[in-house]
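Right, one structure below, let's go through it.
The values are calculated or read from the model by the stated rules, or taken from the named source; none is laboratory data. Keep in mind it's a predicted model, so treat the numbers as computed, not measured. Neighbour counts are summed over all protein chains in view; Cβ atoms, including those assigned to glycine, are modelled from backbone coordinates with ideal geometry.
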Amino acid sequence: MATPKLSRIPSMRERVEDTLSAHRNELVSLLSRYVAQGKGMLQPHHLIDELDKVIGVDDRANLTLRDGPFGEVLKSAQEAIVLPPFVAIAVRPRPGVWEYVRVNVHELSVEQLSVSEYLQFKEQLVDGHVNDNYVLELDLEPFNASFPRPTRSSSIGNGVQFLNRHLSSVMFRSKDSLEPLLDFLRAHKHKGQAMMLNDRMYSIPRLQSALTKAEGYLSKLPADTPYSLLEHDLQGMGFERGWGDTTERVLKMMHLLMDILQAPDPSALETFLGRIPMVFNVVILSIHGYFGQANVLGLPDTGGQVVYILDQVRALENEMLMKTKQQGLNVTPRILIVTRLIPDAKGTSCNQRLERISGTKHSHILRVPFRTEKGVLRKWISRFDVWPYLEKFAEDAASEIASELQGVPDLIIGNYSDGNLVASLLSHSMGVTQCTIAHALEKTKYPDSDIYWKNFEDKYHFSAQFTADLIAMNNSDFIITSTYQEIAGTKNTVGQYESHTAFTLPDLYRVVHGIDVFDPKFNIVSPGADMSIYFPYSDKENRLTALHGSIEKLLFGPEQNEEHIGTLSDPSKPIIFSMARLDRVKNITGLVECYAKNTKLRELVNLVLVAGYNDVKKSNDREEIAEIEKMHGLMKEYNLDGQFRWLSSQTNRARNGELYRYVADKRGVFVQPAFYEAFGLTVVEAMVSGLPTFATCHGGPAEIIEDGVSGFHIDPYHPDDVASRLADFFQRCKEDPTYWEEISKAGIQRILDRYTWKIYSERLMTLAGVYGFWKYVSKLERRETRRYLEMFYILKYRNLVKSVPLQIDEEH
Ligand code: UDP
Ligand code: LCN
């Protein structure tokens with residue numbers, strides 16, 4: 001039998017070269033079109049549009065160009081840099097995998113570029129930039145080269161699964177690799193008290209025989225015998241607390257370990273590590289904004305992150321209480337949310353040092369002020385201006401945490417760039433497992449904020465922020481994301497973390513390997529919505545009908561005041577509803593404009609928004625002020641009165657929940673029109689309330705919603721299409737009301753299946769266990785990365801922070 005010939009996959013350069021010889025004329029004409037645009041950057045749709053123009057619609061002979069190897073290269077291109085006579089293309093054949101080619105259009109020659117060469121070429125786009133051969137390159141690849149990682153794009157975001165497979169196969173291959181597990185169990189203590197195994201258990205054979213002995217002893221006892229009655233005997237055999245609260249649980253846990261010692265398998269390992277009681281004290285850092293439990297939502301920089309963390313803490317505390325009890329421990333778990341104390345708290349509780357979190361027994365918000373040599377900063381400041389305060393904040397927070405917990409925490413969770421940087425500093429100095437949650441990475445929200453960083457610097461100080469992000473993602477033991485796209489995008493779009501793999505900040509430094517999306521530290525653990533606040537409109541028994549009077553006043557009352565302006569002359573029409581902070585990226589004014597321009601839509605439905613303030617005097621946030629002015633302009637220009645109601649930010653969550661449902665009663669929809677939305681909690685809230693939801697295709701919502709099934713994707717860059725899609729939907733529902741119900745039901749189901757806090761907290765506890773163990777096993781290797789990051793922090797980050805001005809309080 002003939003052996004099939006193995007053919008090598010042609011390189012990117014070869015594919016371009018082959019096409020050059022087969023389609024010389026067309027390719028010259030296409031490339032000349034690119035080059036004719038002069039120095040600049042081309043986006044994917046530009047590249048394809050020009051290709052279609054060259055081919056011509058009916059030109060069958062040339063279709064092979066579009067469907068051939070070069071067409072494939074162009075279809076997976078993410079950007080092209082044109083510096084005549086060169087065109088360099090960044091190609092992304094699949095999530096997380098990048099290649100770079102450069103064509104000289106005059107000489108028709110092709111070369112493959114390294115990341116570094118590509119970025120160096122890209123830097124020439126910036127006027128006044130001097131090409132220098134000695135540019136600082138950040139490269140974390142060599143440090144991670146020996147670390148295991150998956151290769152399939154579909155494995156991205158399943159880090160813990162991969163890690164367990166790796167750990168168990170190593171343990172299987174060599175019995176010596178079981179030693180670290182023994183050491184880990186022996187070293188495990190809480191506040192000086194031994195847990196799991198005591199010092200007598202000095203070898204694996206001894207552990208195995210002790211387990212067999214314990215098994216014999218336990219199997220003779222009733223399954224529900226409490227641990228207190230077993231403690232003395234088990235201690236004599238070498239076991240300490242932590243195995244379970246009854247004979248049955250202790251036996252199950254011991255069987256898991258016996259299985260692992262005999263033939264390790266990933267799922268037994270995950271269950272075992274997830275059950276070891278490791279996390280009793282958790283510190284959650286969320287620094288900027290107003291972090292409070294009431295009267296804060298919708299204020300600038302204060303949105304989903306606060307909601308997410310408060311819900312997370314409640315779910316986590318429950319899970320920790322249940323787990324510690326089941327493992328037979330008398331330890332009271334504690335969670336501290338550490339945030340900024342704002343003396344000028346504007347009617348919120350943000351000036352209190354310690355605040356108990358409602359719905360929990362042992363969790364608190366601990367507030368620490370921003371302090372400099374000049375004293376405490378009294379006022380709220382934008383998240384873009386916090387950098388000069390963080391190092392001192394970390395020091396002060398460390399001592400406050402120590403005095404609250406009477407020790408160090410077992411897990412530190414950072415949130416957003418500022419919280420993650422402080423989490424890195426604290427976990428580094430305390431040697432504690434660090435978890436990172438981005439919520440939003442600003443680099444993705446502001447296009448070209450890397451290459452043209454200098455243009456953004458005055459307002460946003462991105463150089464410090466992006467540097468902080470790189471330090472935190474690499475220092476962190478594990479990273480939780482809400483969606484796959486947050487890590488690695490989709491087939492056609494780049495993920496938020498993925499965009500930190502390689503980029504350049506000209507004249508500052510070049511990132512050639514900033515983060516690897518295949519790193520097993522990435523895990524998708526999606527948040528949910530608080531089901532006591534956000535639940536389906538059809539859940540009649542729990543509806544808060546008592547609030548309908550105040551909701552109707554809010555929507556239809558004639559008064560024009562600081563809480564609402566605009567009127568709805570026909571209250572019987574369905575409502576298009578949206579709610580967000582009044583940031584530019586949220587594009588709320590874009591929704592108003594697209595509604596305003598579509599006559600049919602205006603006839604069919606009303607528009608109701610909850611966003612920011614309607615008076616510029618009430619805001620001190622630069623983006624919000626610009627949006628307020630724009631909104632007033634649109635109301636006037638399109639004469640929206642009678643069809644549009646603008647409500648100021650709403651801080652009453654219970655009423656907000658009922659508002660979603662009220663809109664659903666009226667067969668309305670929710671629209672999330674952001675230019676970019678990292679995740680989008682309002683999308684989850686609206687869907688679970690039963691509102692058919694139309695949400696941006698840029699970011700998380702595209703993954704939450706299955707287009708046309710559980711809601712709809714919209715592209716805010718094509719507002720006319722958005723308006724006609726909405727108008728078509730309402731027209732169809734008018735003719736066939738069951739269509740509204742179909743989408744509504746599917747939306748509710750989608751959330752119940754995927755986005756709940758119960759699934760979240762179980763997962764997070766397992767991750768803390770597995771990565772805690774992994775940190776222990778790999779601590780020597782990790783040291784090298786840490787030292788490199790320390791250097792980067794001291795030599796680069798601290799200098800960048802010096803360029804961010806300190807804020808000044810107004811005189812009192
Ligand atoms: N929110 C609110 N009142 C407002 C605006 C927003 O209660 O005036 C809430 C909203 O219900 C959601 C959160 O704030 O729970 C916003 O989260 P999302 O993830 O949608 O956006 P973010 O503000 O975090 O960018
Ligand atoms: C921040 C954002 O911008 C939203 O997209 C998220 O939903 C929120 O945080 C919670 O993670």
Exercise. Which ranges mark the helices (runs of 4 or more DSSP H) fully within segment 593-686 that have 3 or more residues being within 16 Å of ligand 1 (Cβ to nearest atom) and more than 24 Å from the chain's Cα centre (by Cα)?
Worked result: 622-637, 653-665
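Output yes when any residue across segment 631-645 is within 16 Å of ligand 2 (Cβ to nearest atom), at negative phi and of a type in the set (Lys, Arg), and no when none is.
no
I want to confirm something. Restricting to segment 687-702 and keeping residues that are of a type outside the set (A, V, I, L, M) and within 14 Å of ligand 1 (Cβ to nearest atom), which single residue is farthest from GLY590 (Cα to Cα)?
Across segment 687-702, the extreme among qualifying residues is SER689.
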Seminar exercise, completed: Heads up, the strands (runs of 3 or more DSSP E) in segment 85-142 (entirely inside) with at least 3 residues that are under 25 Å from LEU508 (Cβ atoms) are 86-94, 97-104, 137-139
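So is GLN465 part of a loop (DSSP other than H, G, I, E, B) and either within 16 Å of ligand 2 (Cβ to nearest atom) or within 17 Å of SER424 (Cβ to Cβ) (or both) or not?
On the way: part of a loop (DSSP other than H, G, I, E, B): no; either within 16 Å of ligand 2 (Cβ to nearest atom) or within 17 Å of SER424 (Cβ to Cβ) (or both): yes.
So GLN465 fails the test.
Considering only residues of segment 1-47 that are of a type in the set (Val, Ile, Thr) and buried (at least 16 other Cβ atoms within 10 Å of the Cβ), which is modelled with the highest pLDDT?
Step by step, filter segment 1-47, then rank; the result is VAL35.
Can you say whether ASN652 is at pLDDT below 95, surrounded by fewer than 16 Cβ atoms within 10 Å (Cβ to Cβ) and of a type outside the set (Val, Ile, Thr), as far as the supplied structure shows?
It is true that ASN652 is at pLDDT below 95, surrounded by fewer than 16 Cβ atoms within 10 Å (Cβ to Cβ) and of a type outside the set (Val, Ile, Thr).
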Exercise. Which of the residues spanning segment 272-310 are within 16 Å of ligand 2 (Cβ to nearest atom) and under 30 Å from GLY242 (Cβ atoms)?
Worked result: ILE284, LEU285, ILE309, LEU310
Seminar exercise, completed: In the set VAL683, VAL605, VAL616, VAL592, the lone residue that is in the same structural domain as ASP707 (by the TED database), away from ligand 2 (no atom under 16 Å from the Cβ) and touching a Pro at 6+ places or on another chain (Cβ under 8 Å) is VAL605
Seminar exercise, completed: Within segment 520-545, of all residues that are polar (S, T, N, Q) and buried (at least 18 other Cβ atoms within 10 Å of the Cβ), the one nearest to ligand 1 (Cβ to nearest atom) is SER526
For this session: For segment 279-309, enumerate the residues that are of a type in the set (A, V, I, L, M) and more than 10 Å from ligand 1 (Cβ to nearest atom).
Result: VAL279, VAL282, VAL283, ILE284, LEU285, ILE287, ALA294, ILE309
For this session: Determine if segment 286-294 includes at least one residue that is surrounded by fewer than 21 Cβ atoms within 10 Å (Cβ to Cβ) and in the same structural domain as ARG383 (by the TED database).
Result: yes
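Which of the residues belonging to segment 311-357 are within 16 Å of ligand 2 (Cβ to nearest atom), hydrophobic (A, V, I, L, M, F, W, C) and closer than 22 Å to ALA402 by Cα?
VAL313, LEU316, ILE337
Quick check, is ASP176 free of Cβ contacts under 8 Å to residues at least 40 places away in the same chain and more than 26 Å from ARG241 (Cβ to Cβ)? Full working, then the answer.
Details: free of Cβ contacts under 8 Å to residues at least 40 places away in the same chain: yes; more than 26 Å from ARG241 (Cβ to Cβ): yes.
Considered against the rule, which asks whether it is free of Cβ contacts under 8 Å to residues at least 40 places away in the same chain and more than 26 Å from ARG241 (Cβ to Cβ), ASP176 comes out as yes.
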Exercise. Do we find a residue being farther than 18 Å from PHE670 by Cβ and touching a Ser or Thr at 6+ places or on another chain (Cβ under 8 Å) anywhere in segment 583-590?
Worked result: no
Problem set entry | Those strands (runs of 3 or more DSSP E) lying entirely in segment 287-388 with at least 3 residues in contact (Cβ under 8 Å) with a residue 40 or more places away in the chain | 334-341, 363-369
